[in-house]
2 protein chains.
Amino acid sequence: MPDTEIAFEHIRAAAERIRPIAKRTPVMTSASFDAEAGVSAFFKCENFQKGGAFKIRGASNFILSIPKNDLAKGVVAHSSGNHAQAVAIAAQFVGAPATLVMPEDAPRSKMEGTRARGARIVTYDRFKGNREEISAQISAETGATIVPPYDHPWTIAGQGTAAKELLEEVPDLDALVVCIGGGGLLAGCSIAAKHLRPSIRIFGVEPELANDTYQSFAKGQRVKIETPPTIADGLRSTSPGELTFPILRRNVEQVLLVSEDQIRATLKFLLMRMKILVEPSGAVAPAAVFSQLLPPGLKRIGIVVSGGNMDYDQLAKL
Amino acid sequence: MPDTEIAFEHIRAAAERIRPIAKRTPVMTSASFDAEAGVSAFFKCENFQKGGAFKIRGASNFILSIPKNDLAKGVVAHSSGNHAQAVAIAAQFVGAPATLVMPEDAPRSKMEGTRARGARIVTYDRFKGNREEISAQISAETGATIVPPYDHPWTIAGQGTAAKELLEEVPDLDALVVCIGGGGLLAGCSIAAKHLRPSIRIFGVEPELANDTYQSFAKGQRVKIETPPTIADGLRSTSPGELTFPILRRNVEQVLLVSEDQIRATLKFLLMRMKILVEPSGAVAPAAVFSQLLPPGLKRIGIVVSGGNMDYDQLAKL
């Protein structure tokens, strides 16, 4: 399915479809952030989303789009992070059996959270096993549908509902700033935002250490990097998606890069001054604005805060 | 001025008066909190308030009620905490000179925050000096008006605007739960809530270690305790106010007590699961609900989260 087929209509339909599962998250403002950054920022707080991240939007739109007969055979996904939680929540909601393929050394809290949602967990050895193969095998044996984390039209349309809600609440934005992992969130959000406000300027943000999309933009084709060692663990994908990349190239003006220190400083500011907990990945888009990396002249900035899941130990270390 | 003179009309007027200064804070819900507590909780998030706590409501209503001629002579207040910040913000807004009397060992961040608002700081030795006397002397010398932290009708009416907003947004609450320091927040909120929903049941919450109002309820008169060693540093007042106490006795069904461990556990849950940072005092009212201390049968519970100010070191220790 070529990407041109993902239109605002699909996002509108996704919004209707996921309404019983996903939350309409609040848009927050902060006088102290604005004073530091020199803009008026509007934070779409997906850290308050069900499951603690935007992922439930794409996962639930995908799972609710699976034909009934297939759905009865279940779903399977591989993830050690927010996508796993989201798939477990959405599958539980529709009563479909879910299998999550997770590395055997995944954080216990995430495994327990997933299991508490009634999902079955299949573990593998991160150094020997191949999670794609394991998922494919489970799918072949059981007929379960694989739920992709970003590179699918249903997923992308679901993620786009975040920007739809933001623009409905704050229509007159000059710019939209979104982090990039596989690019599903930014791809969907860029389609929604450009439709609702054609003049909006759209920026993606990556950690300097995870600059696969930045490099891909420079080269004009998808670049693959080594698994990046950034603290933004939700953005460790190694290349933009086949579907997401052309959408980003069309809609995104520039990919901005933030340092690990900028991510940490922004996370700390959001926590201590704005009183919201975001995970390192969730601080990446705010960090670009906080560090004044946007071109001058942009005043009203929408920022998607992608998630807030963190282990207590991880927070203590920060 | 007898307390009976504080009526909903004063709270309504306060809401109009403080609109240019105080924020209308969001009301948040959390499926995971509800699952643990067995209720539907509605959090009035004053940790997102300007200055990081509800205090700006009372301070700005007070300062905006001072006659013009007096206001030109300035304001003075003693506080090492949220009241100081609030007075500094409100005074800066109206362009009145502000003097804050703070202990010389007050947290640097709070002193700097206050100074950044243009306020003058007078320090004193916590063990030798008497802050009430210092304030009174400054007031006598300069004509500055003392801004009381809780025991004044203007302050109480200002704090009541928090419950007014909450009940306007969620009218059908069964109960309202609010922490007690000097009692200004609960006094004002109880007047607003009883007016907007006469059937509502109202609960105050104190740390076990700071149970002056609990003891006062039991005895039927104001009891004074030693400065309590609770981590909820905003609730270390030693007795209920002269004005606030009769209001509480009339409107509050019961004073609930929470342990230091319950405060810590609730703070942690609010941070890691709900992704909001609250200060220990701000976790006191939620802790009573989280620990299921309310009488059975109450389903829809309004909870005022009083504030979110904390030093980084303090958070790290928790």
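The values are calculated or read from the model by the stated rules, or taken from the named source; none is laboratory data. Just so it is clear, the structure is predicted and the values come from calculations on it, not from any experiment. Counting neighbours? That spans all protein chains shown, and the Cβs are built from the backbone with ideal geometry, glycine included.
The table below lists the values:
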quantity: Filtered residue count, the stretch B:95-107, keeping only those that are touching a residue at least 40 places away in the same chain (Cβ under 8 Å) and surrounded by fewer than 19 Cβ atoms within 10 Å (Cβ to Cβ); calculated: 2
quantity: Matching helices (runs of 4 or more DSSP H) fully within the stretch B:240-318 where at least 3 residues are modelled with pLDDT of 95 or more and within 14 Å of another protein chain (Cβ to nearest Cβ); calculated: B:260-272
quantity: Pairs where the first residue, in the stretch B:71-94, is over 21 Å from B:P20 (Cβ atoms) and the second is in a loop (DSSP other than H, G, I, E, B), C-beta under 7 Å, 6+ apart; calculated: B:K73/B:G143; B:K73/B:A144; B:V76/B:A144; B:S79/B:P149; B:S80/B:A106
quantity: Test: residue in the stretch A:172-184 that is over 27 Å from A:G297 (Cβ atoms) and in a loop (DSSP other than H, G, I, E, B); calculated: yes
quantity: Flag for A:V76 being in contact with a strand residue (DSSP E or B) (Cβ under 9 Å, 6 or more places away or on another chain), in the same structural domain as A:R120 (by TED's automatic domain parsing) and of a type in the set (V, I, T); calculated: yes
quantity: Hey, A:R17 touching a Ser or Thr at 6+ places or on another chain (Cβ under 8 Å), crowded, with 16+ Cβ neighbours inside 10 Å and either hydroxyl-bearing (S, T, Y) or away from every other protein chain (no Cβ under 14 Å) (or both) or not; calculated: yes
quantity: Hits in the stretch B:92-151 (condition: more than 14 Å from B:G81 (Cα to Cα), assigned to a helix (DSSP H, G or I), among the acidic types (D, E) and modelled with pLDDT under 95); calculated: B:E132, B:E133
quantity: Condition met for B:P67 (in contact (Cβ under 8 Å) with a residue 40 or more places away in the chain and out of contact with any strand residue (DSSP E or B) (no Cβ under 8 Å at 6 or more places or on another chain)); calculated: no
quantity: Residue in the stretch B:132-140 that is over 15 Å from the mean Cα position of the chain (by Cα), touching a residue at least 60 places away in the same chain (Cβ under 8 Å) and either buried (at least 22 other Cβ atoms within 10 Å of the Cβ) or not assigned by TED's automatic domain parsing to the domain that holds B:E253 (or both) present; calculated: yes
quantity: Within the stretch B:32-62, tally of residues that are in a helix (DSSP H, G or I) and either closer than 24 Å to B:T145 by Cβ or within 13 Å of chain A (Cβ to nearest Cβ) (or both); calculated: 19
quantity: Residues of the stretch A:143-199 satisfying the condition of being surrounded by fewer than 21 Cβ atoms within 10 Å (Cβ to Cβ) and among the β-branched types (V, I, T); calculated: A:T145, A:I146, A:V170
quantity: Residue among B:T213, B:T230 that is without any contact (Cβ under 8 Å) to a residue 60 or more places away in the chain, closer than 18 Å to B:V305 by Cα, crowded, with 22+ Cβ neighbours inside 10 Å and within 18 Å of the chain's Cα centre (by Cα); calculated: B:T230
